[in-house]
1. I'm checking a number: the convex hull volume of the Cα atoms of region 143-189, normalised per residue, in Å³. What is it?
2. Roughly how tilted is helix 44-58, in degrees to the nearest 10 and between 0 and 90, from the longest Cα axis of the chain?
3. Can you list residues from other chains, or at least 5 along the same chain, whose modelled amide H is less than 5 Å from the amide H of S611?
4. Report the label-to-label distance for T462 and S613 in nanometres (one decimal), using points 7 Å from each Cα along the Cα→Cβ vector.
5. Might you tell me the accessible area per residue for the chain, computed with a 1.4 Å probe and given in Å²?
6. Using a 1.4 Å probe over the heavy atoms of the protein chains, calculate the carbon and sulfur portion of the accessible area of the chain as a whole percent.
7. Can you tell me the convex hull volume per residue for region 603-670, based on C-alpha atoms, in Å³ to the nearest whole number?
8. Using 10 Å bins from zero, what percent of all Cα-Cα pairs in region 379-464 falls into each bin?
Amino acid sequence: MKKHRVIRTMIIILVLMSGVTGFGQVVRPGGRVLRKRPPAYVRPVATAIRLATTTMDIWKDSAAVGNSVGGSSEIKPARWTYEEGVVWLGMMKLWYSTGDARYVNYVRHQVDRLVDKEGNILTYKQEDYSLDNILCGRLLLSLYEVTSQEKYYKAAIRLRQQLRDQPRTAEGSFWHKKRYTGQVWLDGIYMALPFDAQYAALFHEDSVFGDITRQFAAIERHVRDPRTGLLYHGWDGSGKEKWAVKTADATSGHSPNFWGRAMGWYGMALVDALDQFPAYDTGRDTLLAILQRYAAAIRNVQDPATGLWWDILDRPGQAGNYLEASASAMFVYTLARGVREGYLPATYRSLAEKGYRGLVSQDIRMGADSVTTLQGTVSVSGLGGNPYRDGSYAYYTGEKVAVNDPKGIGVFLLAAVATDELYTSFRPKQKTVMLDYYFNNEHRKDITGASIRWHYTWEDKTNNGFSILGQLFRQYGAHTDSLPVAPTADNLKHAGVYIIVDPDDEREVPAPHYPDAAGISSIDDWVKAGGVLVLMSNDSANAEFTHFNVLAGTFGIHFNYDDYHKVTGNNYAMGAFPMTVQDGIFKTTKKIYIKELSTLQLNPPAQAYYSDSGHVIMAIARVGKGTVFAVGDPWFYNEYTDGRKLPADYENYNAARDWVQWLLLQARID
């Protein structure tokens, strides 16, 4: 336990030391001068919280803003576009990283102002066939998963229909917009393909993943520079655009410069799409290979002094060029997520951390009134149009640079959370947390009519799911997996933690699976070898006790057939438990909420961990090299950890975070 803490502390200290010196002095647009030294270290998620707080204060009721000057923003009427969407994505990541419902509530408020109950989207025009309008669809899908409100599904269908009808190049790539004939921009890849992948994964359209793979590969083939590996901003398949550098056959061409944010969009699209790809889909290998080439290219153009990236990537220090905040944040996010998810080698971790330190040092400013601002984001850059944008170096470097630009804010929030997870997830060896899907095997029909697993699963983002808990395990370096078959020595041998929650009875499934002698023996042997077993029952009206208690009794634990801590309506105080002893598990938690649970009866080796008025609520058993933790309620499901229901003084999210860290430290099996 102590060894892990010491190693993690040493790494953070080394990170800080490496960022203290070597920051050059470079003049930025507007006469600003880069800092020579970074500010004192603050955990990345804390900086993200400060910037998000300022953002929600400035843009309370507007989903659209103009350029900001000196920290103030020009408010415009709300509209459906990617600038708002990227801020909302950042807020949703922050919600999952903190359990603070302010962020998801903010997003939902903004989206609800634009989406009516029938799924109509204010200001959206499908006939424009603009990929910029697709990005916000990712929020529709996320909100639908969390709330099950059909209006979000209906609105998402509209965007999916746009992609079905979207004009395409001869080889099948989406045009960026209907009015940009035959043009594919890197920006559009991010706007459309992660949404397409998320929709396909959620609504069982597996054939779409092949199309997504082909589009990623096609644009890389057209715009990748063979010498540097960098990607040009766009490609013109029509052969008509003046900005296009013609290929050998003179029928098409790419734009002439490597614009940082365009390449940043593409990298984020890769890691976000990969998150949705099925493990068996061969397209994963294609995308992973592209990401490897991409990461190698941006590594070579990272500014060695600041860790940031230039607006035009291959022209460092050239007159007019500058270190640009949004592109830098995008590269940090891509590298950090790539390392965290195993898409990239761990050697890229230091690049991400250095880039994040550069962002905080050079682009984050905090005023005396705690208003936090992000500087150094180019407001916009494009190709063609009217007035005509020729893609020249002078054009890109001549665009305005903004303070608190929404695109910069959104990607900074994403980058900060991703970097924070690099710190929290450090472990010498990754441990697997296995969630039982065999004894708890409930299914239901989703909105498409397909049968899906639900109720205390990693995938379920409704109130009944464990998606927040799964995120916490992953945030602290674990790999989450599930076990849909009976436990055996072979399928448990690589699990560090095995969680069994609320096993089924005949009321829930027609043919429930019960623990048998062979399974119990396998679990017992696995615990003795160093595994951590978690047993979570439920109250007498909602749980199977007879067979589950045979398993629990192996470790001296018996779930009582009772219904303790009943709560009437929203009288949350009836479900409160004070955590007055700051002990080895719940170190940061003062008050929790558990309602209507089964209490415990114990025999050796089990010992009471937490009791209330003589009733045992939680217990621990040390068995061989392993540990068993028991509680008579599923407890950490989304309804009581995601911050949307409980009053703020109930700290179930904190308790879950403390518990996750403790469980991982107990596990002796990697």
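The values are calculated or read from the model by the stated rules, or taken from the named source; none is laboratory data. Since this is a predicted model, take the numbers as computed values, not measurements. Counting neighbours? That spans all protein chains shown, and the Cβs are built from the backbone with ideal geometry, glycine included. Heavy atoms of the whole protein, side chains included, go into the accessibility calculation; ligands, DNA and RNA do not. Shrake-Rupley method; radii C 1.70, N 1.55, O 1.52, S 1.80 Å.
1. Hull volume normalised by residue count: 90 Å³.
2. So the inclination is approximately 70 degrees.
3. I617
4. Rounded to a tenth, the inter-label distance reads 3.3 nm.
5. It amounts to 37 Å² per residue over the chain.
6. That fraction is 52 percent.
7. Convex hull of Cα atoms, per residue: 103 Å³.
8. Histogram of Cα-Cα distances, whole percents per bin: 12, 19, 20, 20, 17, 11, 1.
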